[in-house]
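A.B. asks: What follows is a structure written as structure tokens; I'll ask about it next.
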Amino acid sequence: MHVYYIFIDVNKFFVRSIKKGWLIAGGTFLVWFGPTARLTISDPVLIREVLNQKSDLFEKTDPPPHVRKLEGDGLLTLKGEKWVHHRKIIAPAFYQQNLKLMIPIVGKSTEKMLEKWLEMSNSAGTVEIEVSKWFQTLTEEIITHTAFGSCSYEDGKSIFELQAQQMVLSIDSYSKVLIPGFRFFPSRKNRVSWRLDKEIKKSLKKLITMRINKAHNNNNNPTSDECPKDLLETMIKASMREEANRGGLNSTKCSSESASTTITVDDIVEECKTMFFAGKHTTSALLTWSTILLAMHPHWQELAREEVLTACGARDVPTRDDVAKLKTLGMILNESLRLYPPVVAILRRAKFDVDLGGCTIPCGTELLLPILPVHHDQSLWGHDATEFNPARFAGGVAHAAKHPAAFMPFGLGGRRCVGQNLAILQAKLAIAMILQRFSFDLAPSYQHAPTVVMLLNPQHGAPIMFRKL
């Protein structure tokens with residue numbers, strides 16, 4: 001294996017530098033992030049080994065402190081038995097059976113947003129919308145329902161608004177994160193961020209305690225099968241079952257032998273923070289890039305609209321049966337995720353010396369699995385790999401590329417994103433309802449500049465010109 005050394009400015013030139021390394025060295029090379037060397041591996045066969053077949057030999061790397069504060073110590077960062085325990089508890093909230101019950105909630109939120117767009121249109125029925133901000137607001141509302149349910153929606157919304165403020169401050173200071181000790185410096189923005197963090201945790205604990213008391217009182221009144229189970233309810237009920245054996249949900253300390261298999265109030269707080277961070281920005285990025293791509297490609301926009309109008313009618317909110325019929329729209333969303341995956345790379349660290357593709361990876365070696373370049377690799381996707389062509393997914397995800405592991409917008413293996421079905425459901429409903437009401441193309445002010453600041457987003461926003469149908 002030839003080792004090439006590529007140095008990266010992590011804030012501005014990640015994608016450019018990875019592509020440079022790809023051109024110079026091929027699919028495997030050593031890349032430097034400041035003082036940290038990472039082995040970049042882009043062969044789908046080896047990627048599947050790391051994330052699936054040999055996943056127990058690798059672990060997630062720890063995120064930078066400023067990112068960890070935002071995303072919480074939830075499923076994204078947990079490891080070992082504790083991650084297994086939390087995943088087992090949380091996963092049922094994202095099963096298709098439960099998500100189908102979310103369709104009316106997602107539809108109502110989307111309908112409310114589109115009514116505002118119609119009110120903003122001029123006498124000719126046109127309006128320019130910077131969609132990325134609107135989609136963030138939409139996904140924030142839906143994720144609040146998912147996390148807290150209808151009964152705690154307003155309290156949850158207030159908490160997530162605080163977290164959104166904290167996120168803005170963190171993104172604003174992103175260029176300074178590599179300055180040693182900067183996160184401890186009592187600058188004005190750092191002080192505001194610290195205050196917000198305390199307020200978020202305090203408010204979440206208060207809300208969780210209230211829901212715990214309510215759950216104890218409603219033990220004989222189970223949730224209707226026609227109502228979606230929110231994440232908070234799912235975790236609290238799991239904790240109540242554990243409480244019977246361990247004596248005390250409100251205790252935030254566990255014995256060393258039970259810490260991995262107990263979910264505490266503090267754990268629930270961190271999972272709520274994770275839900276907001278992961279759910280809001282990844283889904284809004286998917287919606288934004290999908291809208292941009294449909295604006296760029298009117299042929300596919302019209303094909304998708306015909307499918308939506310046939311399946312759902314001109315104004316009706318799509319039902320659970322309608323959503324299953326939107327095959328073309330599903331292909332478009334997959335192609336959007338291929339070209340512009342919200343997460344551009346996955347990091348892992350070898351827990352032991354590991355044989356990988358005939359080479360020994362020493363214990364402690366960090367691996368970088370570059371999702372974006374793999375998604376654009378012509379040897380895997382064909383000569384049109386950098387072009388928008390949803391038809392490549394007509395035969396399903398498994399047959400779209402030369403190797404099924406070449407498509408991994410939500411990761412692979414056991415740590416695949418638990419909320420991917422919710423993200424696709426939201427995107428399908430929102431795009432379908434937009435297509436029912438508007439045709440659209442890029443506004444003259446649009447500048448195509450994908451950039452990575454934690455996630456892949458358009459640097460200058462996404463102004464789109466909508467015309468009422």
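A.B. asks: Among all residue pairs at least 6 apart or on different chains, which show Cβ distances below 6 Å where the first residue, located in region 41-67, is in contact (Cβ under 8 Å) with a residue 12 or more places away in the chain and the second is in a helix (DSSP H, G or I) and polar (S, T, N, Q)?
C.D. replies: Filtered contacts from region 41-67: HIS66/SER170.
Here is a yes/no grid of residues against (1) of a type in the set (A, V, I, L, M); (2) in contact (Cβ under 8 Å) with a residue 40 or more places away in the chain; (3) surrounded by fewer than 22 Cβ atoms within 10 Å (Cβ to Cβ); (4) within 30 Å of LYS69 (Cβ to Cβ):
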{"position": "ASP384", "(1), (2), (3), (4)": "no, no, yes, no"}
{"position": "PHE388", "(1), (2), (3), (4)": "no, yes, yes, no"}
{"position": "GLY411", "(1), (2), (3), (4)": "no, yes, yes, yes"}
{"position": "ALA430", "(1), (2), (3), (4)": "yes, yes, no, yes"}
{"position": "SER439", "(1), (2), (3), (4)": "no, yes, yes, no"}
{"position": "THR451", "(1), (2), (3), (4)": "no, yes, yes, yes"}
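A.B. asks: Can you tell me which residue among THR360, THR365 is exposed (fewer than 12 other Cβ atoms within 10 Å of the Cβ) and either closer than 13 Å to LEU57 by Cβ or not aromatic (Phe, Trp, Tyr) (or both)?
C.D. replies: Within the list THR360, THR365, the selection yields THR360.
A.B. asks: Restricting the search to region 287-309, which residues are out of contact with any helix residue (DSSP H, G or I) (no Cβ under 8 Å at 6 or more places or on another chain) and surrounded by fewer than 18 Cβ atoms within 10 Å (Cβ to Cβ)?
C.D. replies: Listed by number, the residues that qualify are MET296, PRO298, HIS299, GLU302, GLU306.
A.B. asks: Which pairs do you get when a residue that is closer than 14 Å to THR146 by Cβ, found in region 85-98, comes within reach of a residue that is surrounded by 13 or more Cβ atoms within 10 Å (Cβ to Cβ) and hydrophobic (A, V, I, L, M, F, W, C), reach meaning Cβ atoms under 8 angstrom, with the pair 6+ apart or on two chains?
C.D. replies: ILE90/LEU75; ILE90/LEU231; ILE90/MET235; ILE90/VAL418; ALA91/VAL418; ALA93/LEU231; PHE94/VAL418; PHE94/LEU422
A.B. asks: Name the helices (runs of 4 or more DSSP H) wholly within region 1-117 that hold at least 1 residues that are crowded, with 21+ Cβ neighbours inside 10 Å, modelled with pLDDT of 90 or more and out of contact with any strand residue (DSSP E or B) (no Cβ under 9 Å at 6 or more places or on another chain)?
C.D. replies: So the answer is 44-48, 80-90.
A.B. asks: Just give me the residues in region 332-361 being out of contact with any Pro (no Cβ under 8 Å at 6 or more places or on another chain), more than 17 Å from ARG415 (Cα to Cα) and either in a loop (DSSP other than H, G, I, E, B) or of a type in the set (Lys, Arg) (or both), in sequence order. Spell out how you get there, then give the answer.
C.D. replies: First, pick out the residues of region 332-361 that are out of contact with any Pro (no Cβ under 8 Å at 6 or more places or on another chain): 333, 336, 339, 346-349, 351-352, 354-361.
So of that shortlist, the ones also more than 17 Å from ARG415 (Cα to Cα) come out as 333, 336, 339, 352, 354-361.
Those that are out of contact with any Pro (no Cβ under 8 Å at 6 or more places or on another chain), more than 17 Å from ARG415 (Cα to Cα) and either in a loop (DSSP other than H, G, I, E, B) or of a type in the set (Lys, Arg) (or both): PHE352, GLY357, GLY358.
A.B. asks: Quick check, is MET331 of a type outside the set (Lys, Arg) and surrounded by 16 or more Cβ atoms within 10 Å (Cβ to Cβ)?
C.D. replies: On the way: of a type outside the set (Lys, Arg): yes; surrounded by 16 or more Cβ atoms within 10 Å (Cβ to Cβ): yes.
In short, yes.
A.B. asks: Within the set of pairs 6+ apart or on separate chains, which have a first residue in region 338-354 that is free of Cβ contacts under 8 Å to residues at least 40 places away in the same chain and of a type in the set (D, E, K, R), a second that is surrounded by fewer than 20 Cβ atoms within 10 Å (Cβ to Cβ) and not in a strand (DSSP E or B), and C-beta atoms under 8 Å apart?
C.D. replies: ASP353/PRO362; ASP353/CYS363
A.B. asks: Can you tell me which residue among VAL354, VAL397 is of a type in the set (Val, Ile, Thr) and under 25 Å from the mean Cα position of the chain (by Cα)?
C.D. replies: Every option except VAL397 fails the conditions.
A.B. asks: Within region 243-293, which residues are part of a helix (DSSP H, G or I), of a type in the set (Ser, Thr, Tyr) and at pLDDT 85 or above? Outline the logic, then answer.
C.D. replies: From region 243-293, those part of a helix (DSSP H, G or I) are 243-246, 259-261, 265-293; that's our starting set.
Next, only the ones that are of a type in the set (Ser, Thr, Tyr) stay: 260-261, 274, 282-284, 288, 290-291.
THR274, THR282, THR283, SER284, THR288, SER290, THR291, listed by residue number.
A.B. asks: In addition: Taking SER336, is it of a type in the set (S, T, N, Q), farther than 25 Å from PHE33 by Cβ and crowded, with 20+ Cβ neighbours inside 10 Å?
C.D. replies: Yes, satisfied.
The values are calculated or read from the model by the stated rules, or taken from the named source; none is laboratory data. Only a predicted model underlies this, so the values are computations on that prediction, with no experimental measurement involved. Quick reminder, even Gly has a Cβ in these numbers, built from the backbone with ideal geometry, and neighbours come from all protein chains shown.
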